Amino acid sequence: MDDIQDLEAGGRRQFLKCMAWAGAGTLWMMHGGVLKAQPLNAQGAATAADSAFSFVQISDSHIGFHKAPNMDVAGTLRQSLAMINAQKKEPDFVLHTGDLTHLSRPEEFDALSGIMQDARMAKVFYVPGEHDVIGDNGAEFFRRFGERQQSGGWYSFDHHGVHFVGLINVLNLKAGGLGSLGADQLAWLKKDLAGLSAETPLVVFAHMPLWPLYPDWGWGTDDSNEAVGYLRRFGSVSVLNGHIHQIQQKVEGSITFYTARSTAYPQPAPGAAPAPGPMKDVAPNDLHRYLGIRDVRHVQGNHALAVTEEVMA
Amino acid sequence: MNVMSWSLSVITTLVVAAATTSPALAANAAKSAPAKPTTVDIKDFAFAPKTLTITAGTRVVWTNLDEEPHVVVSAGNQFATSKALDTSDSYAITFDHAGTYTYYCAIHPMMVGTIIVK
């Protein structure tokens, strides 16, 4: 609320501009198992009306970051959550695909928790980003946000016939490597999926891309091939990642891979700059175009998840 | 373990050496006097220089010039890991023993660098 008051003090016009950022997002609708992306607009809302359930993906809130192009990442996260709360049909839960914080500091985790509580989010499932596990291998992250199913922190759950799997690929990284799942997690994943029929729609989420999106910038996971191998027999698999602060998509048979926007700041398209990192030169008025959330809706009887990307525009 | 000694005496010696010898002489006299502290810039998700050759006793200072945080960690656990280095933060290690020290960024592991100590 303080931020909104500050903005109002700065002028009604500025306030409206910032609220416009909050139009950003990704609506994911599940049509019997395949995710389909569309902007969150009237059409998305119409599709939503007959969905069995929906959930929202948010990512890369980077609480603690305070540089160009976004001096107020707490504010843009609040606006993203307001977008979720503005949905006509309340999403069943939220997935946060990592980098909650910028530097894994306790006060950053505190701030994130406070913002989520203030927004009265329903259940939020978290997986850590590499920014959440600095210095303690994620001990603080798991203590606060872990699902406590497995000692490694990974987990799965079922929701209205859809099987969800939260994976961790930001720990035990090796020099020169990319993200890593590790042998223990892969063995667990194989076992976790073993009992499921091939008709079960799967949603797999992790922070770093689970496909070699742009290894030169570290945008991939070393042992993702093995994990993806376990997913291939399923008729509908949606893989949701964060990390790269922009939407990229890839279809491989019945598996569709998506990365999400950040609620904090954009990064350049693969290879479009000397290195990844915040796009410092984005003008304040344009920032909203790059930030957002993702809603997913599952429609009973249809073989697709409906995905809507909501930008803060 | 000795590698990570943050020895003040080394720094003091360095200051004296710098004051009394020209850089060229210091390089030639590397065996008798500790070498000048050497810097490694962390910029555009890379260590520069990527490979650095120094004499034993040299203090290496990493400085993060990126907007993104980075963490300096030894690949073989040969020296202590830095904290998260935010923009402009530095980290220093004095290398007292000859050897090859490979290191990387704990959160961006594709960033790899090498220190060769003669």
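So that you can scan it fast, the table gives a plain yes or no per residue for (1) farther than 17 Å from A:Ala227 by Cα; (2) surrounded by 15 or more Cβ atoms within 10 Å (Cβ to Cβ); (3) not aromatic (Phe, Trp, Tyr):
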position	(1), (2), (3)
A:Met121	yes, yes, yes
A:Ala139	yes, no, yes
A:Val162	yes, yes, yes
A:Leu178	no, yes, yes
A:Gln185	no, yes, yes
A:Glu199	yes, no, yes
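If I go through the stretch B:82-110 residue by residue, how many of them are in contact (Cβ under 8 Å) with a residue 24 or more places away in the chain and at the interface with chain A (Cβ under 8 Å from one of its Cβ atoms)?
Number satisfying all stated conditions: 7.
Which of the residues spanning the stretch A:141-160 are closer than 25 Å to A:Phe65 by Cα, open to solvent by 30 Å² or more (accessible area, probe 1.4 Å) and free of Cβ contacts under 8 Å to residues at least 24 places away in the same chain?
Correct list: A:Phe142, A:Arg143.
Give me the pairs, please: first residue somewhere in the stretch A:257-282 and surrounded by fewer than 16 Cβ atoms within 10 Å (Cβ to Cβ), second residue anywhere and in a loop (DSSP other than H, G, I, E, B), beta-carbon distance under 8 Å, and either six or more positions apart or on two chains.
The qualifying pairs are A:Ala269/A:Gln246; A:Ala273/A:Met279; A:Pro274/B:Asp44; A:Lys280/A:Ala68; A:Lys280/A:Pro69; A:Lys280/B:Glu67; A:Asp281/A:Ala68; A:Asp281/A:Pro69.
Would a scan of the stretch A:125-134 turn up a residue that is surrounded by fewer than 20 Cβ atoms within 10 Å (Cβ to Cβ) and touching a Leu at 6+ places or on another chain (Cβ under 9 Å)?
yes
Going by what's in this entry, would A:Tyr214 be described as open to solvent by 30 Å² or more (accessible area, probe 1.4 Å), more than 12 Å from the chain's Cα centre (by Cα) and more than 21 Å from A:Ala68 (Cα to Cα)?
Against the criterion (open to solvent by 30 Å² or more (accessible area, probe 1.4 Å), more than 12 Å from the chain's Cα centre (by Cα) and more than 21 Å from A:Ala68 (Cα to Cα)), A:Tyr214 qualifies.
Given the conditions (1) modelled with pLDDT of 90 or more; (2) surrounded by fewer than 18 Cβ atoms within 10 Å (Cβ to Cβ), and given that A:Asn285 satisfies all but one, which numbered condition is not satisfied?
Going through the list (1) modelled with pLDDT of 90 or more; (2) surrounded by fewer than 18 Cβ atoms within 10 Å (Cβ to Cβ), A:Asn285 breaks only (1).
Those residues that are at pLDDT 95 or above and surrounded by fewer than 16 Cβ atoms within 10 Å (Cβ to Cβ), I need them from the stretch A:229-252; list them, please.
A:Gly229, A:Arg232, A:Arg233
The values are calculated or read from the model by the stated rules, or taken from the named source; none is laboratory data. Predicted model only: the values in this text are computed from it and were never measured. As a convention, Cβ positions derive from the backbone with ideal geometry for all residues, glycine included, and neighbour counts pool all protein chains shown. Please note that ligands, DNA and RNA were not included when accessible areas were found on the heavy atoms of the full protein model with its side chains. Shrake-Rupley method; radii C 1.70, N 1.55, O 1.52, S 1.80 Å.
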